[in-house]
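The values are calculated or read from the model by the stated rules, or taken from the named source; none is laboratory data. This one's a predicted model, so the numbers in the text were calculated from it and none came from an experiment. FYI the Cβ positions are ideal-geometry reconstructions off the backbone, even for glycines, and counts take in every protein chain you see.
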Amino acid sequence: MSNPAIDAAFTDGPAFIPYLAAGDPDYDASLEYVEALARGGADVIELGLPFSEPIAEGSTIQGAIVRSLQSGMTVDRYFEFVTELDVDVPLVCMTYYNLIYQYGNEPGPEPFVEQAAATGIDGFVVPDLPAEEADPLREACDEHGLDLVFIVAPTTDDDRLDRLVSLSSGYLYVQARLGVTGAREDVSTQTTASLDRLAEYDIPKSVGFGIKAGEHARDIVAGGADGIIVGSALVDIIADGYESDAPVEETAAELESLCKELTAGALEGAQQH
Amino acid sequence: MSNPAIDAAFTDGPAFIPYLAAGDPDYDASLEYVEALARGGADVIELGLPFSEPIAEGSTIQGAIVRSLQSGMTVDRYFEFVTELDVDVPLVCMTYYNLIYQYGNEPGPEPFVEQAAATGIDGFVVPDLPAEEADPLREACDEHGLDLVFIVAPTTDDDRLDRLVSLSSGYLYVQARLGVTGAREDVSTQTTASLDRLAEYDIPKSVGFGIKAGEHARDIVAGGADGIIVGSALVDIIADGYESDAPVEETAAELESLCKELTAGALEGAQQH
Amino acid sequence: MSETDTTFGDYGGQYVPEALMPAIEELTDAYERYVLGNEDGFMDEFRERIREFGGRPIPLQRADNLSERYDRDIYLKREDLLHGGAHKLNNALGQGLLAKYMGKERIIAETGAGQHGTATAMAAAHLDMPCEIYMGRRDVNRQRPNVFRMRLNGAELNPVDIGRGTLKEAISETMRDWATTVENTHYVIGSIVGPAPFPAMVRDFHRIISEETRRQAREQYGRLPDSVVACAGGGSNTMGIFADFVTDSPFSTAEDSNTAADADVSLFAVEAGGSSLDVDEKRGVAPNSASLSTGSEGVLHGARTKLLQDTDGQIMESHSVSSGLDYAGVGPELAKLVDDDRVTPVNVDDDAALEAFHRLSQEEGIIPALETAHALAFLETDAELGEFVVVNVSGRGDKDLQAALEETEQRDLPNAPSMGVFDE
Amino acid sequence: MSETDTTFGDYGGQYVPEALMPAIEELTDAYERYVLGNEDGFMDEFRERIREFGGRPIPLQRADNLSERYDRDIYLKREDLLHGGAHKLNNALGQGLLAKYMGKERIIAETGAGQHGTATAMAAAHLDMPCEIYMGRRDVNRQRPNVFRMRLNGAELNPVDIGRGTLKEAISETMRDWATTVENTHYVIGSIVGPAPFPAMVRDFHRIISEETRRQAREQYGRLPDSVVACAGGGSNTMGIFADFVTDSPFSTAEDSNTAADADVSLFAVEAGGSSLDVDEKRGVAPNSASLSTGSEGVLHGARTKLLQDTDGQIMESHSVSSGLDYAGVGPELAKLVDDDRVTPVNVDDDAALEAFHRLSQEEGIIPALETAHALAFLETDAELGEFVVVNVSGRGDKDLQAALEETEQRDLPNAPSMGVFDE
Ligand SMILES: Cc1ncc(COP(=O)(O)O)c(C=O)c1O
Ligand SMILES: Cc1ncc(COP(=O)(O)O)c(C=O)c1O
C-alpha cells in the first residue's frame, strides 16, 4: 500500500530528506531553493505547507512559516507551487491537520488528499495527528496511493510503537530528541536508543530533529538509520540570506552545498554500519 | 467661681474677643499682632496654643498653626509669650486637650492650669473637650480661679445646653454655624435661633465661627449676643502679610483697623438691641 | 461522556504530537483514577484545599440594585471571591495537585489575562512545585499587576514574542515547552480546551461552581434558576457553572441529582463581540472572539472545536477588550452543547462590556473582571431570561483597572466615572 | 465593658467638639439598640449581607510550608479573601447598614492604605448610599489601585494636602467634614479608634473574625490556639480576631462561651517598627508606628490612648512601609489590654515585613498586604508561640504591588524575586 516513489528512495543507500517551508521567504525564491535541494542530492523532499499555529516547530521553522505566510502563501498557492516545481524527487507534504481538514467543500481530509495526489504529492507528515486521530487521513491516503508517515518520539512506548509502525507507510519519522524542531550541535543519545529499539521493524527509519552537519548524518546512519531528515539547518541558510539580502543564487548554492555535505555524511555512515 | 477679669469684660457693653494663634507667623511678630488686638479694642483675647491635629479648625487657622509650629512654638515658649505680652486684657488660652493633659510631670490638666494661672492666663476654651470629659479640667480651673468656656453648637439639644451652661464660666462660646472655623460672607440664620434659645440663661454669650466684618458683628449683637469672637478674619490678614512679606507694622495696623471696625459694629448692634 | 471517550460528539479529540501522547495517556489514567475515582482520596484532598486555601464555598448573592433595574431576581455567583480573584484556581489547584499525585516535578501553564497564570503560580507555591508561565507580550503589557503577582509567587514568567502576543501564541509556546519536558512536567492548561482529557478534566475541577449554585439556589430561592449566564473565552467558568445543569454529575448525590426540570434552565454563553462580528479574511483578523457565534469547525491546540479561521483553515487573530476572552477557539464541549441547542451562544461588544463593568462597580460595589463584564452586559438583552437569573461573576477587575480606564477614556460611555482627581 | 461605659480603663472617652456630641449620642443609642440588641433584626441582616456580599465565613487555613519552616502548626485566618481584599468590609458594611437604619443619607470615611476607603465605597454602592472618602495625598500616590477602585465604585475622593498627607491628616479632615454635615451624614471610622462608641462598635463588627476562628480552631484542631498574632495599626483586625479570646462576647452562645483556658491563648499585636524605634523629638518624627510599644498616653482623634507624641503632646509623624499601619495612635481597647498584660505588643521593622511579604507569596501562594506582612514577620521571633499559632491575614497585597516592588528594590533582601523580565 505504500507509495512506490518513496519506497524507491530507500532502496539505494541511505535517504537524504531535506525540509523547507514552501514559499519561504517568497514564492519565486522558494522554488529555486527547493530545486537546489534536489541538486544537492535529496531523495525525498518534505515540503512544508505553513500553518499559523505550528506547535511542533522551534523558532527557526516558525520564522520560515511567518515569512511564507506574509509573502502570501495559501493552500491553493501551495498546490500551484508543487505543480510548478521542477524536481524529480518524491514530495512529502508536511503540515498541520486543520489545513488538511478544511480543504474543499466538506470537512474531512479526503478533498485535500485527492488534490495533493493530483498535484504530485507522494505522502504526508502531520505533526499534530497522532495515531488516535489518524484514521480518516490514513483512509484517504490509501485511497489515493499516498504515504502517511508517522513520527516516533523518544517517549513512545512499545505498544504505541507497534501501532505506529502498522499505521505508517513510506518511512517512520524517528524524532531524535524531545522538544521541537531546531538545529543542534550534537547527536542525541536518545537517537541511538531509539534506533536500537526500532531495528526489528521492517520499515525505513528516517531520523530528524536537530541534524545540522555531515558528521551528525554520518553518526546517525552509522547507528542504523535508513534516512536523515534535515530542516532547521537548511532554513537557517534561507533566514541568513533573507536577513542579509543575499542574491537568491547565492543562498541556493549554499543550500545545495549543505545538502551535499549531509548526503556525503550519510553515505559515509552507511559504510560504517 | 468665675474669673473677675473676664466678668469685667462683659460689664461695659458688648465684648469684642479676637483670636490669634500665638507665634503666627513667628514669635516676635506675633507679640506685635496680639498687642495690636488690644489697641483695636479687644475686651478678651483668645490666644491659641497651636496643636498638631486641630480637628475643629478650617484651613485658615490650620495655616496659622502650621506657621507657628514651624517657627518653633512649644508649650514653654507659649508661656514665655504670655509673660512677655504687654496687654491689659484678660487672656483665654484656646488649645486642644492633649497639650493640657501632657504638661508637667504627671498626666492630667492640673500642672498646665497651675502654670497658666501663674503666667497670667484667665481662662480656657478647649474645642475637643465636651462636657463628658471636662471634669478634671473644670476642677483644676476652679482650684486656680480660671474660667472654662464651653462651646454651644447648633446641634446642642436642650438637655446638653443646661449641662453646658452649668459647667461654663466666664462666657458661653456660641458656635454660629455647623462646621469648622473660617471667615464667611454672611451671618448664619442658625445664629439667631441659637441666641433666642439661650436668652433665658444668665451667662454672657459670645458668638463665633465665621464673623468677618463690622456688619456681622452689628447684626449678631443686635440679635442678643454679649460678645463676638473673631479669628479667621484676623488670621487672614497675618497670612496675607506673611505671603507678601509685608512689614510687621503694616500688618499690625491692618489688624488694629479690622478690630476697630468690629468693635464699632458690635457697639452699633448693642444700640439696636 | 463515558470515561474513555475523548470526544463530545464531533468535537474534542487529541490532536497533538506523538511525543505528548504517552503523557496524555498517563494523564487520562490519572484523571480517571484520581478525579473520577477519588483514588487515594484525591478529590477529598482537592475539596479540602479548595475550601481552605481557596475559600469555597463561594456565595450566591442577590444583587438588589440590579434586580430592581431589570425587574427580575438577579443572583451573582461570586467566583471573584475565590483566592486569586477568579474561578481559575479551582482548575489550577486541581491540576497542580494531580501533577503531584502523578509524581511530576514541575508545572507549566499559558495565560491570557494572567488570571490562570496567577492561579497556577499560587497553586504551585502552595503545593511547593516549580512553575513556569508563558504569556503573550501584548498581554504582559496590558495585565501588568498579574505579571507582578506571578513573579511574587515565585513563578518564572516567559513573555511570548510570537505573532500578536496573546493567548493563542502563549498556548502554542507552552505546548512546545511541554513537548520538550513532558517526562517530568505537567501542563496545567487554563480552560476547557486542548486535547482530551483536558476539556473534561478542567470542567470537572470547575464543576464545584455548578454544584454549589444548585444547592444555594434551592436553599435561597427554593428552586433552580430560569437562566444561567456566563462569559465564554475558552469556556471554563462557563462549563463550570453549566455542568450540573446539563447532565448528571458524577459527584451529585441522588438527592441533588438532575431532574427533567433542569432542562428548563436556559444556559447562555456570552462571547466577546469585540468591536464587530465581521472578519477581515485578507488580514486574517476577526475583531471579536465569538467563535461559538461566528466560528466554524476546525482543529486547534489539540482539539476539534469551533474556531475563528479563514477558508484555508489558518487561525485568525481574535480581538477583545478583555484579554481572557481574546482567543480564537472555545472548548469542544461548549461547541457540542451549542450544536445541540442546549447552550445559547450570544455576544456583546466591547462598549457594552465596559458599560457593564462600570454598572456593577457603581451599583453593586463589585468591580468585575472585563471578562465577567460581558456576562453582565447580556442582562441588558431582550432575550427571555425569566424571573430568576444567575450570573457567574467569574473574576474581579483588579487586574483590569488600568486597561478599563484607558479603554473608557477612548469612548463616550454614559456611565463612566470622572477620574479628574488624579490630575490635581 | 458595660453598654454605657465609654472607656476602657483609663483609655477611650469622647474627646470631640460639642457639635458632634449629639450625633455621637444618637450613634451610641443606635449601637446599643441595633448592634447589641439586634433591634429590627439588624444583626441578622448584617450577618446575612457579610455572608453573601462579603463571602463569610472565611477559612482558617493550615499553612503547610510555613508550618514546616517554623516547626509549629501555623494557621492563617484568611481575611484577605473577604470582598475587597481585607477585613475592613466587616466594619464598613456594618456601619453603612447602621447609617441606613439611622436614616442617614450620606457616609464619609477616611482611608490610609485605601482598604477602608474601598471597603466603604463598596458597601456604599451595595447599600445605594452616596459616599465621600478622604485620603492623604501621599497615600493617594502610593496606593493608586485603591484610588481607582473607590472612584469606580462611585465614591467621591478628596485628597488631603495637609501635613505629611497620611492617615492622621485624613482622619482630622474627615472629622471636619463631619462637624459640618453631622445632621445627615454618618462618619464610618475605619478602625477601633475615635470617640466612643466607635472603638467598641468597630470591634463588634469585626468580632465575627474571632467567633469564626474559635469555632474553626476547635473543629479543625480540636482546641483553641496557643497564640494569635495580628498586625496593629489602629487595631481593628487585631481586636477583631482577639475579641472573643479576651472576654465573653455578647454574641457567643453558652456552648461557645469562654472558659478559663482562653486566658492561655497568647495574643500578640505586631506594630510597624518602621526603620527604627528611635524618635526625632526635634523634627517631631517617629520613624515607626509602634504606639503600643513606644508611645505614651494622650488624647488623639476623640480618644485617650497610647500615642506617638513629643513631650509637649504634639502628635508625631509616624512612618511605615505600609500605609495602613502608618498612624500615630492605636485603639484605646488595645492600649488597655496591653497595660493589663493581656495583649503583648511587639514590632517588626520595614525590612522584616518586606521579607515576610515575599516569604508568604513564594512559600504559600498568598500575596499578603504589607500590613499583614508585619504579623507574618513576627513568626520569625524567639518568643514562646506554642504549637498552634493563628495569624490573621488581614488583607491581600494587590494594592501594594507597586510599593512593595519599589521598596524591595531599595534593599538587599535575601528572598526578593528578580523582576528583570520587565526590562526586556
Ligand atoms: C475572570 C475571567 N473570566 C473568564 C475568563 C475566560 O476563561 P473561561 O472562558 O475559560 O472561563 C478568564 C480568563 O482569563 C478570566 O480571567
Ligand atoms: C490589610 C490591612 N491590615 C491591617 C490594617 C491596619 O488596620 P487595623 O489595625 O485597624 O486592622 C489595614 C489598614 O488599612 C489594612 O489594610
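Against the conditions (1) touching a strand residue (DSSP E or B) at 6+ places or on another chain (Cβ under 6 Å); (2) surrounded by fewer than 17 Cβ atoms within 10 Å (Cβ to Cβ), D:Asp10 satisfies every one except (1).
Exactly one residue out of C:Leu325, C:Leu307, C:Leu300 is buried (at least 24 other Cβ atoms within 10 Å of the Cβ), among the aliphatic types (A, V, I, L, M) and closer than 12 Å to C:Ala272 by Cα: that is C:Leu325. Pairs linking a residue in the stretch C:36-49 that is in the same structural domain as C:Gly94 (by TED's automatic domain parsing) to a residue that is at pLDDT below 95, with Cβ atoms under 7 Å and 6 or more positions apart or on different chains, are C:Leu36/C:Glu3; C:Leu36/C:Pro250. B:Asp240 meets all of the listed conditions (1) closer than 19 Å to B:Arg67 by Cα; (2) in contact with a Gly (Cβ under 8 Å, 6 or more places away or on another chain) but one, namely (2).
Residue check: is B:Tyr27 more than 10 Å from chain D (Cβ to nearest Cβ), out of contact with any Pro (no Cβ under 7 Å at 6 or more places or on another chain) and at pLDDT 95 or above? Judged against the criteria, B:Tyr27 is a match. State all residues of the stretch B:221-273 that are among the polar types (S, T, N, Q) and free of Cβ contacts under 8 Å to residues at least 12 places away in the same chain; if no residue qualifies, say none. Selection gives B:Ser244, B:Gln271.
What helices (runs of 4 or more DSSP H) lie completely within the stretch B:160-268 and have 3 or more residues being at pLDDT below 95? Walk me through how you get there before you give the answer.
Values: elements: B:189-198, B:214-222, B:232-243.
The helices (runs of 4 or more DSSP H) meeting that bar are B:189-198, B:214-222.
If the condition is being assigned to a strand (DSSP E or B) and more than 11 Å from chain D (Cβ to nearest Cβ), then the stretch B:126-156 contributes B:Asp147, B:Leu148, B:Val149.
For the stretch D:207-238, the tally of residues that are within 8 Å of ligand 2 (Cβ to nearest atom) and touching a helix residue (DSSP H, G or I) at 6+ places or on another chain (Cβ under 8 Å) stands at 8. Only residues that are out of contact with any His (no Cβ under 8 Å at 6 or more places or on another chain), surrounded by 24 or more Cβ atoms within 10 Å (Cβ to Cβ) and polar (S, T, N, Q) were counted in the stretch C:363-412, giving 1. In the stretch C:163-179 there is no residue that is over 21 Å from the mean Cα position of the chain (by Cα) and β-branched (Val, Ile, Thr). Within the stretch D:76-95, being away from ligand 1 (no atom under 16 Å from the Cβ) and outside any helix (DSSP H, G or I) holds for D:Leu76, D:Lys77, D:Arg78, D:Leu82, D:Gly84, D:Ala86, D:His87. Of all residues in the stretch C:53-75, at least one satisfies being closer than 29 Å to C:Leu157 by Cα, within 16 Å of ligand 1 (Cβ to nearest atom) and under 17 Å from the mean Cα position of the chain (by Cα). Within the stretch D:274-295, does at least one residue satisfy the condition of being assigned to a strand (DSSP E or B), away from chain B (no Cβ under 14 Å) and farther than 18 Å from D:Ser172 by Cβ? Taking every residue of the stretch D:274-295 in turn, at least one turns out to be assigned to a strand (DSSP E or B), away from chain B (no Cβ under 14 Å) and farther than 18 Å from D:Ser172 by Cβ. Within the stretch B:226-238, does at least one residue satisfy the condition of being within 14 Å of another protein chain (Cβ to nearest Cβ), among the hydroxyl-bearing types (Ser, Thr, Tyr) and under 19 Å from the mean Cα position of the chain (by Cα)? There is at least one residue in the stretch B:226-238 that is within 14 Å of another protein chain (Cβ to nearest Cβ), among the hydroxyl-bearing types (Ser, Thr, Tyr) and under 19 Å from the mean Cα position of the chain (by Cα).
In the stretch D:239-270, of all residues being at pLDDT 55 or above and acidic (Asp, Glu), the one that is nearest to ligand 2 (Cβ to nearest atom) corresponds to D:Asp244.
Having 3 or more residues that are over 21 Å from the mean Cα position of the chain (by Cα) and either at negative phi or more than 12 Å from every other protein chain (Cβ to nearest Cβ) (or both) is the bar; report the helices (runs of 4 or more DSSP H) wholly within the stretch D:311-424 that clear it.
Values: elements: D:332-339, D:350-364, D:370-377, D:401-409.
Helices (runs of 4 or more DSSP H) meeting the threshold: D:350-364, D:401-409.
In the stretch B:48-66, which residues are within 9 Å of chain D (Cβ to nearest Cβ) and either charged (D, E, K, R) or not in a helix (DSSP H, G or I) (or both)? Selection gives B:Pro50, B:Phe51, B:Ser52, B:Glu53, B:Pro54, B:Ile55, B:Ala56, B:Glu57, B:Gly58. For the stretch C:183-206, state whether one or more residues are within 30 Å of C:Glu384 (Cα to Cα), within 16 Å of ligand 1 (Cβ to nearest atom), away from chain A (no Cβ under 13 Å) and of a type in the set (D, E, K, R). The answer is yes; a qualifying residue exists. Filtering the stretch A:161-193 to residues that are more than 19 Å from C:Thr180 (Cβ to Cβ) and touching a residue at least 12 places away in the same chain (Cβ under 8 Å) leaves A:Leu161, A:Arg163, A:Leu164, A:Val165, A:Leu167, A:Ser168, A:Ser169, A:Gly170, A:Tyr171, A:Leu172, A:Thr192. The numbered conditions (1) within 10 Å of chain D (Cβ to nearest Cβ); (2) over 21 Å from B:Val230 (Cβ atoms); (3) not in a loop (DSSP other than H, G, I, E, B) are all true for B:Glu80 except (1).
Residues considered: A:Pro4, A:Pro50, A:Pro25. Of these, the only one that is out of contact with any strand residue (DSSP E or B) (no Cβ under 6 Å at 6 or more places or on another chain) and either surrounded by fewer than 22 Cβ atoms within 10 Å (Cβ to Cβ) or farther than 16 Å from A:Val248 by Cβ (or both) is A:Pro4. Looking at A:Tyr97, A:Tyr101, just one residue is closer than 16 Å to C:Asp312 by Cβ, hydroxyl-bearing (Ser, Thr, Tyr) and either within 18 Å of the chain's Cα centre (by Cα) or away from every other protein chain (no Cβ under 14 Å) (or both), and that residue is A:Tyr97. Taking the conditions (1) within 16 Å of ligand 2 (Cβ to nearest atom); (2) of a type in the set (S, T, N, Q); (3) farther than 27 Å from D:Pro22 by Cα in turn, D:Thr111 satisfies each one other than (3). Of note, B:Leu69 does not satisfy the criterion of being part of a helix (DSSP H, G or I), within 13 Å of another protein chain (Cβ to nearest Cβ), under 22 Å from D:Val16 (Cα atoms) and modelled with pLDDT of 95 or more.
I'm trying to understand the selection: among the residues of the stretch A:167-177, which are within 14 Å of chain C (Cβ to nearest Cβ) and either under 17 Å from the mean Cα position of the chain (by Cα) or among the polar types (S, T, N, Q) (or both)?
Kept after step one, since they are within 14 Å of chain C (Cβ to nearest Cβ), are these residues of the stretch A:167-177: A:167-168, A:172-177.
Residues satisfying the conditions are A:Ser168, A:Leu172, A:Tyr173, A:Val174, A:Gln175, A:Ala176, A:Arg177.
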